[in-house]
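The values are calculated or read from the model by the stated rules, or taken from the named source; none is laboratory data. This is a predicted model, so every value here is computed, not measured. Here the Cβ is made from the backbone with ideal geometry for all residues, glycine too, and neighbour counts use every protein chain on show.
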Amino acid sequence: MKAVARLHVAIRVSMFCVMSAGVVLSGSAVAVAPEAAFSEDGMVASRSALASEVGADILARGGNAIDAAVATGFALAVTYPSAGNLAGGGFMVIRLADGTTITNDHREVAPLAATRDMYLDASGDVVPGRSTSSHLAVGVPGTVDGLLDVLERYGTMSRREVIAPAIRLARNGFPLDLDLARDLAAQLPAMQQYPASMAIFSNSRKDGQPWQRGDVLRQTDLARTLELISRKGRDGFYRGRTAALFAAEMKRGGGLITEEDLAGYESVWREPVTGTYRDHQIISMPPPSSGGVLLVQMLNMLGAHDLRSMGYGSADAVHVMIEAERRAYADRAEYLGDPDFVKVPMAQLIDPAYAKQRFADFNPLKSSRSSEIGAGSWPAESPDTTHVSVIDKAGNAVAYTTTLNLSYGAKMVAEGTGMLLNNEMDDFSSKPDTPNAYGLIGRAANAIEPRKRMLSSMTPTIVVKDGKVLLVTGSPGGSTIITTTLQIIVNVIDHGMTLSDAVSSPRVHHQWQPDAVLYERRGLSPDTVKILSERGHQGLTEWKWERGIGDANSVMAVGGGFAGMADPRNAGSAAHP
Ligand code: DON
């Protein structure tokens, strides 16, 4: 079995990419797409080469895509601590080779003691940082329950078999590559206040200095937690030692989560959101994610427009996509929330007739204005979530997105467990029409209530053509997740791109509020920017964060096998048996 992270980038291109340790941190898409991996025997694409190899090894040993996705998920908690997790949440979209489709929602929930205004001060203003950088930011985690449920229902291997590689990686450690060493170093200032985090993610033998490339990161507490899960199943996490340590950490820092919260957590099986786009079936995540609903809604609006003849990156194509995004994200703020608590008008939102009516005022030559309500800001902090795409040779497919919310979540390890805790509570609307870390605004539908799930943008998606899986995709990136996923689908279906081009090509993002268009470097030519601006688009801004928008590790069926493509904006890899 070999991991494939070959990045054939023209020398010309590397001049404007930051090359490190075989990693392309491109700042924006590369002009010449790296080559995708190819295999007839299945494929795993994730943000971590070690985790992709774990998944590929499971496939090589006869496991199915579900076994591989679960094993990769547990491995990511060890090898990609920025977003891989035990104490976070995620969504998994599954399509079995027999055509069965289902999703597993293991999103975090608000603790029982949570209240609607818990992030507001006495004057009713949001207290900065309380929903992102405090013990109050932590939601009751769902990942372990979800992964174990999925394995039990659709996997073929035992819990022990799929968790063993993660335990090994945690206990024996693994040498840090430059990407992870740099990433951890950048987190240390925020981790200083949490000794349990510093004990793991800095070099305590060297006075808490950053780990260096080549140092071996061992996570013995995490190995022990994983062992408990391996032996006892969900009780190894939601009850007993792990739960007691988790609750003790909360008590110490003024958090709300109790052992009762943990024992009561349950992941939920939900029917996927589905739609049709130019003879392709779209299968994606329903609420409490907004991803699938917005994706289908936007594709419905775009269906009547000939993007292919407009051409990739043309002002016309970008304009029509922005206008679809503006309308869909405006609906998100008003209607979307946890369907177990609020009535989400799903059928209406994904109805092609609704899209037609919603887009009736579309003017091909003039931009519309986002509503005046609310004012967002772009994330100041590098966010993190991570997406895994898996397909096996029988055609079973899994799209899995998982997160701690922002990079390394609340940056806080629950002492004794080795686990970083999420700060997912920030995805609730702390106050109506007040932007969260992604500049997203929400209202009553996404207000905080005990046991409620916070609204998400995660969009794990499977595209089916003629009864067979064509594409498995999704991305991190907070509010940009949905538009990244949309662009990959449009790149493949409308622009006929290869997987590597579809994933690598520059991205453009609009989310209604703030009324601004973000584009990756060289994502829009100067004359396209000029045309869009003449049509009335506001806030055309080049994306500054060096890694670009999204991280869409994807797989696609191609000529008798499967292509696998790790997003060249980051250091992931596609691996196969
Ligand atoms: O669920 C959501 O929409 C966010 N918590 C996702 C966070 C994310 O994508 C961060 N990644 N880059």
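See the values below:
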{"quantity": "Of the criteria (1) touching a residue at least 40 places away in the same chain (Cβ under 8 Å); (2) away from the ligand (no atom under 16 Å from the Cβ); (3) part of a helix (DSSP H, G or I); (4) of a type outside the set (A, V, I, L, M), which one D340 fails", "calculated": "(3)"}
{"quantity": "Residue match in segment 147-160 (condition: among the acidic types (D, E), surrounded by fewer than 24 Cβ atoms within 10 Å (Cβ to Cβ) and either touching an Asp or Glu at 6+ places or on another chain (Cβ under 7 Å) or in a loop (DSSP other than H, G, I, E, B) (or both))", "calculated": "no"}
{"quantity": "Where F91 falls short, out of the listed (1) within 16 Å of the ligand (Cβ to nearest atom); (2) out of contact with any strand residue (DSSP E or B) (no Cβ under 6 Å at 6 or more places or on another chain)", "calculated": "(2)"}
{"quantity": "Residues located in segment 438-463, provided they are more than 22 Å from G550 (Cβ to Cβ) and surrounded by fewer than 24 Cβ atoms within 10 Å (Cβ to Cβ)", "calculated": "R443, A444, A445, A447, I448, E449, P450, R451, K452"}
{"quantity": "Scope segment 228-240; condition out of contact with any Gly (no Cβ under 8 Å at 6 or more places or on another chain) and not hydroxyl-bearing (S, T, Y); matching residues", "calculated": "R231, G233, R234, D235, G236, F237, R239, G240"}
{"quantity": "Candidates V32, V70, V23, V18 - the one that is over 26 Å from A185 (Cα atoms), away from the ligand (no atom under 16 Å from the Cβ) and at pLDDT below 95", "calculated": "V32"}
{"quantity": "Among (1) in contact with a helix residue (DSSP H, G or I) (Cβ under 6 Å, 6 or more places away or on another chain); (2) in a loop (DSSP other than H, G, I, E, B), the one test that G214 misses", "calculated": "(1)"}
{"quantity": "Where a residue in segment 434-457 is at positive phi and its partner, wherever it lies, is at pLDDT 90 or above and assigned to a strand (DSSP E or B), with Cβ under 6 Å and at least six apart", "calculated": "R451/V109"}
{"quantity": "Any hit, segment 321-338, residues being modelled with pLDDT of 95 or more and β-branched (V, I, T)", "calculated": "yes"}
{"quantity": "Subset of segment 443-458 [within 11 Å of the ligand (Cβ to nearest atom), part of a loop (DSSP other than H, G, I, E, B) and out of contact with any Leu (no Cβ under 6 Å at 6 or more places or on another chain)]", "calculated": "M454, S457, M458"}
{"quantity": "Odd one out for S309 among (1) in a strand (DSSP E or B); (2) surrounded by fewer than 19 Cβ atoms within 10 Å (Cβ to Cβ)", "calculated": "(1)"}
{"quantity": "Answer from Y119, Y80 - the residue that is over 20 Å from L471 (Cα atoms), hydroxyl-bearing (S, T, Y) and over 16 Å from the mean Cα position of the chain (by Cα)", "calculated": "Y119"}
{"quantity": "Of all residues in segment 386-437 being surrounded by fewer than 24 Cβ atoms within 10 Å (Cβ to Cβ), over 16 Å from V127 (Cα atoms) and among the charged types (D, E, K, R), the one that is farthest from the ligand (Cβ to nearest atom)", "calculated": "K393"}
{"quantity": "Criterion: assigned to a helix (DSSP H, G or I), of a type in the set (A, V, I, L, M) and either surrounded by fewer than 18 Cβ atoms within 10 Å (Cβ to Cβ) or modelled with pLDDT under 95 (or both) - qualifying residue of A166, A223, A199", "calculated": "A199"}
{"quantity": "Residue in segment 122-142 that is assigned to a strand (DSSP E or B), polar (S, T, N, Q), modelled with pLDDT of 95 or more and within 16 Å of the ligand (Cβ to nearest atom) present", "calculated": "no"}
{"quantity": "Pairs with Cβ under 9 Å, 6+ apart, first in segment 536-558 and hydroxyl-bearing (S, T, Y), second within 15 Å of the ligand (Cβ to nearest atom) and part of a loop (DSSP other than H, G, I, E, B)", "calculated": "T541/W378; S554/G474; S554/S475; S554/D567"}
{"quantity": "Pick from segment 94-110, criterion more than 27 Å from A447 (Cβ to Cβ) and buried (at least 24 other Cβ atoms within 10 Å of the Cβ), ranking: farthest from the ligand (Cβ to nearest atom)", "calculated": "R95"}
{"quantity": "Flag for L294 being out of contact with any strand residue (DSSP E or B) (no Cβ under 6 Å at 6 or more places or on another chain) and either over 22 Å from Y400 (Cα atoms) or basic (K, R) (or both)", "calculated": "no"}
{"quantity": "Hey, E334 out of contact with any Leu (no Cβ under 7 Å at 6 or more places or on another chain), assigned to a helix (DSSP H, G or I) and within 16 Å of the ligand (Cβ to nearest atom) or not", "calculated": "no"}
{"quantity": "Candidate set from segment 523-559 (those that are of a type in the set (D, E, K, R) and part of a loop (DSSP other than H, G, I, E, B)); member that is nearest to G474 (Cα to Cα)", "calculated": "D551"}
{"quantity": "Single match in R252, R171 (criterion: over 24 Å from R451 (Cβ atoms) and among the basic types (K, R))", "calculated": "R171"}
{"quantity": "Any pair with Cβ under 7 angstrom, 6 or more apart, that starts in segment 284-303 at a residue that is within 9 Å of A324 (Cβ to Cβ) and ends at one that is hydroxyl-bearing (S, T, Y)", "calculated": "L299/Y277"}
{"quantity": "Residue in segment 277-284 that is surrounded by fewer than 20 Cβ atoms within 10 Å (Cβ to Cβ) and closer than 22 Å to W512 by Cα present", "calculated": "no"}
{"quantity": "Some residue of segment 460-473 being within 16 Å of the ligand (Cβ to nearest atom) and farther than 26 Å from L151 by Cβ", "calculated": "no"}
{"quantity": "Search result, residues across segment 478-522 that are assigned to a strand (DSSP E or B) and either more than 15 Å from the ligand (Cβ to nearest atom) or touching a Gly at 6+ places or on another chain (Cβ under 7 Å) (or both)", "calculated": "V508, V517, Y519"}
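Listed here are the residues, each with its yes/no results for (1) in a helix (DSSP H, G or I); (2) buried (at least 18 other Cβ atoms within 10 Å of the Cβ); (3) in contact (Cβ under 8 Å) with a residue 24 or more places away in the chain.
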site: I229; (1), (2), (3): yes, yes, yes
site: A244; (1), (2), (3): yes, no, no
site: M250; (1), (2), (3): yes, yes, yes
site: W269; (1), (2), (3): no, no, yes
